[in-house]
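This report concerns only the one structure given below.
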Amino acid sequence: MSGERQLRREIIFFGKMLHDRGYVAAMDGNLSVRLDEDRILATPTAMCKGMMRPSDLVIVDMEGRCLAGRRCVSSEIGMHLLIYKKRRDITAVVHAHPTTATGFAAAGMALTQPLVSEVVVGLGSIPLARYGTPGTPELWEALEPFVPEYDAILMSNHGVVTYGEDLHQAYMKMETVEHFAQIALVTHVLGRQEPLAGQDLEKLILARSKYQGSRSSARLPVAVSYASLDENQLVGRKRAESSLSELVSKPRGGSRPR
Ligand SMILES: [Zn+2]
C-alpha cells in the first residue's frame with residue numbers, strides 16, 4: 001500500500017477532479033482511503049473538495065473516532081466505515097453528487113439496464129438504495145444490502161457512492177456511473193432503449209472474468225424483464241446468469257475474503 005503522504009496527495013488530487021468536473025458543489029462529497037487494518041484517512045467536513053490541502057485530512061479509527069487531524073471528519077464517515085467493514089477487498093471510497101446520476105437517483109430510477117457493453121464488463125449494474133437521511137445510520141443501513149454485491153450505488157434523492165481497490169479505481173467508477181447516466185438519459189430523450197440480451201450479454205459476462213473489472217463483484221444488469229425477451233434471448237439470458245453465478249462462486253486470483 002502507498003505511504004500516507006502519497007495517499008494524502010491522491011485524496012487532494014481526486015477531490016479536485018470531483019470539483020472540477022462538477023460532480024460536487026460547494027462542500028459536498030467525501031473521499032477516504034484505508035491506511036491499514038485500523039485507520040482510515042478521510043476528508044474533513046465543511047470543506048470544498050477542490051480547495052483542500054493534505055494537512056486538512058483527518059485520520060479516524062474503524063469506529064469513526066478521530067486519531068489525527070485539526071478538523072472534524074466528514075459526517076458521512078459512517079457510510080465509508082460500513083463499506084470498509086463489508087468489503088475487505090477495497091481500500092478507497094468516493095461519494096459525490098454528479099448531476100445526471102443524481103438526477104436518476106432523485107427520479108427513483110436505478111441504472112440497471114445493460115445498455116452499454118463497456119459498463120456491463122467494467123461495472124456491471126448500478127442499483128438504487130432507498131433514501132436515508134445524510135449523516136445518520138439510516139443512510140448506511142439503506143446501502144448495506146448492496147455493498148457486498150456492487151461497486152457503485154445510487155443513493156435515492158442524494159447521490160452516488162463508488163469504491164475500489166485504490167482511490168484511482170474508486171474515482172474512475174464514479175466517472176463511469178456519471179457517463180453511463182448521461183447515455184441512459186439520451187436513450188430516454190430518444191424514447192427508445194435496446195438493452196443487450198441473450199448471447200451478446202453472455203459474452204460480456206464471460207469477458208468480465210478476463211478483465212480487471214472481474215475483481216468487482218457487481219452483478220449482471222438485472223433490469224431486463226424476462227417478459228420482454230424472445231425464446232432465444234431467454235435461453236441466452238439464463239445461460240449468462242448461470243455463467244455469472246459460477247464466476248462469482250469460484251474463488252479468483254486475488255479474491256477477497258467474503
Ligand atoms: Zn452526499
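Every number here is computed from the coordinates shown, using simple stated rules; none is lab data. All values derive from a computational prediction rather than experimental measurement. Because the Cβ atoms are built from the backbone with ideal geometry, glycine has one as well, and the counts that use them run over all protein chains shown.
Some notes on this structure:
- Residue (of L143, L154, V60) at the positive-pole extreme of region 4-190, dipole from beta-carbon charges: V60
- Of T176, T162, the sequence from fewest to most neighbouring Cβ atoms within 10 angstrom is T176, T162.
- With neighbour counts taken as other beta-carbon atoms within 10 Å, the residues R87, R65 rank, fewest first, as R65, R87.
- Label point of E144 set 7 angstrom out along Cα-Cβ; within region 80-109, amide nitrogens under 12 Å from it belong to 82-83, 86.
- When the convex hull of its Cα atoms is projected in every direction, mean area for region 4-190 (nm²): 9.5
- Theoretical FRET efficiency, 1/(1+(r/R0)^6), r = Cβ-Cβ of C48 and Q199, R0 51 Å, to 0.05: 0.60
- In this label model, R5 and V189 are separated by 4.7 nm, measuring between points 7 Å along each Cα→Cβ vector.
- Each residue of region 159-174 is assigned a 3J(HN,Hα), and the resulting list reads x, 9, 10, 10, 8, x, 5, 8, 5, 4, 5, 5, 5, 4, 5, 4 Hz, derived from the Karplus form 6.51 cos²θ - 1.76 cosθ + 1.60 (θ = phi - 60°), x at Gly and Pro.
- Cα-projected label distance for Q182 with D36, points at 7 Å along beta-carbon direction, nm: 4.2
- Taking H179, H80, H97, H168 and counting other C-beta atoms within 10 Å, the order from fewest to most: H168, H179, H97, H80
- The residues neighbouring H19, those whose beta-carbon lies less than 11 Å from its own, together hold a net charge of +1 under the Lys/Arg +1, Asp/Glu -1 convention.
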